Each structure stands twice: as structure tokens, then as C-alpha cells.
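A.B. asks: Before I ask anything, here is the structure I am working with.
What follows draws every value from the coordinates through simple rules; no lab data is involved. Because the structure is a prediction, the values reported are computed rather than measured. No Cβ is skipped: glycine too gets one built from the backbone with ideal geometry, and neighbour counts run over all protein chains shown.
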Amino acid sequence: MKVDRDAILTCSTCGVEGSHELLYLSEHLHASRCVNCGKTQTYSGNIYAGYARDLAGRTGRLPGKFAREAFKLPAGVMGWPFKVLRKPFRLIKEVDQVTAFERSRRRPPMPGQHIQ
């Protein structure tokens, strides 16, 4: 999951060329929000369902990723406990970003404000 805050696009609602926030799930554009008027446009249905599919896909690839890392750099295994401790906080941050996009779709934020 990735949020890009540096996109300059022309809004289909207000017609202004300006800053947009883009939400990517599984490297595919899933939603965009115009910072000028606050309009959020979704491109693949429900944002939560898309995030759940993205998270399930990433989780399903973890065993293979761990095996490759263990063979490629055995000393890297020592850092896994720290990654495990940080992961819940990263997931909370992701859920917060997805929720902010969904919330802005239902009730647009004030024009000119970025999604937190």
C-alpha cells in the first residue's frame, strides 16, 4: 500500500489542475482525492475490500519472502524479531490511511487539506 501526495492532476469535479493524493493498493491506483475541492474518486469499488485483498496477498507471499531472505542473507534473520515488533504499528498506520481515504469519500475534508 502506498499514498502518493505529490501528484498534479486536473480534477474532473472542480476542473482545477492541482495537487491530488493517490492511494495505491497492490501497485494499482485505487482512489484519488483532489486537495482543492476534497472530492475522492474510487476506481475499483470499495476501498476496504481492496485493502483486505492487498493485505491478504502480501501476507500470502510472506513464507516465500522469508525463505528467500534466510538463504540470501542468513545473518539477516537476526533482525526478524525487530521487524515483528514494528509490523503492528505499520499496519495500524496503513489502516488509518485507508480509513482517511474512505472517510474523505463519504464526507469531503476542507478544501486545501491533505488527508492525514
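A.B. asks: For segment 2-106, compute the number of Lys pairs whose alpha carbons are separated by less than 27 Å, excluding pairs fewer than 8 positions apart on the same chain.
C.D. replies: 13
A.B. asks: First measure r as the distance between the Cβ atoms of Arg106 and Leu62, then evaluate 1/(1 + (r/R0)^6) with R0 = 35 Å and state the FRET efficiency to the nearest 0.05.
C.D. replies: Details: r = 32 Å, r/R0 = 0.92.
It comes out at approximately 0.60.
A.B. asks: Quick one: dipole size for the chain, taken about the Cα centre, charges +1 on Lys/Arg Cβ and -1 on Asp/Glu Cβ, in debye to the nearest 20.
C.D. replies: On the way: 19 positive and 10 negative charges, 96 e Å.
Dipole of the chain, to the nearest 20 debye: 460 debye.
A.B. asks: Follow-up question, since we're still on this one. By counting other Cβ atoms within 10 Å of each Cβ, how are Cys34, Cys11 ranked from fewest to most?
C.D. replies: Numbers: Cys34 24, Cys11 20.
The fewest-first ordering by Cβ neighbours comes to Cys11, Cys34.
A.B. asks: I want to check the label-to-label distance for Lys87 and Ile8. Put each point 7 Å from Cα in the C-beta direction and report it in nm to one decimal.
C.D. replies: 4.0
A.B. asks: Taking the Cβ of each residue in Phe89, Phe66 as the centre, tally the other Cβ atoms inside 10 Å and list the residues starting with the fewest. Spell out each step's value before the answer.
C.D. replies: Numbers: Phe89 9, Phe66 12.
With the sparsest Cβ surroundings first, the list reads Phe89, Phe66.
A.B. asks: Based only on other Cβ atoms within 10 Å, what is the fewest-to-most ordering of Met78, Met1?
C.D. replies: Numbers: Met78 9, Met1 20.
Fewest-to-most ranking of Met78, Met1: Met78, Met1.
A.B. asks: Let me ask something else about it. Which shape class applies to segment 30-81: rounded if a/c is under 1.5, otherwise prolate when a/b exceeds b/c and oblate if not, where a ≥ b ≥ c are the square roots of the Cα gyration tensor eigenvalues?
C.D. replies: Values: a/c = 4.80, a/b = 2.66, b/c = 1.81.
Since a/c reaches 1.5 and a/b is larger than b/c, the shape of segment 30-81 is classed as prolate.
A.B. asks: So what's segment 2-106 giving for Rg/Rh, alpha carbon basis, Kirkwood Rh from the mean inverse pair distance?
C.D. replies: Values: Rg = 17.3 Å, Rh = 15.7 Å.
Ratio of gyration radius to Kirkwood radius: 1.10.
A.B. asks: Here's another thing I want to ask about it. Tell me what the chain gives for mean residue ellipticity at 222 nm when only DSSP H runs of n ≥ 4 count, each as -39,500 (n - 2.57), the sum divided by the residue total, rounded to 500 deg cm²/dmol. Don't skip to the answer; put the middle values down first.
C.D. replies: Values: 3 runs with 52 residues, N = 116.
Here the helix-only value at 222 nm equals -15000 deg cm²/dmol.
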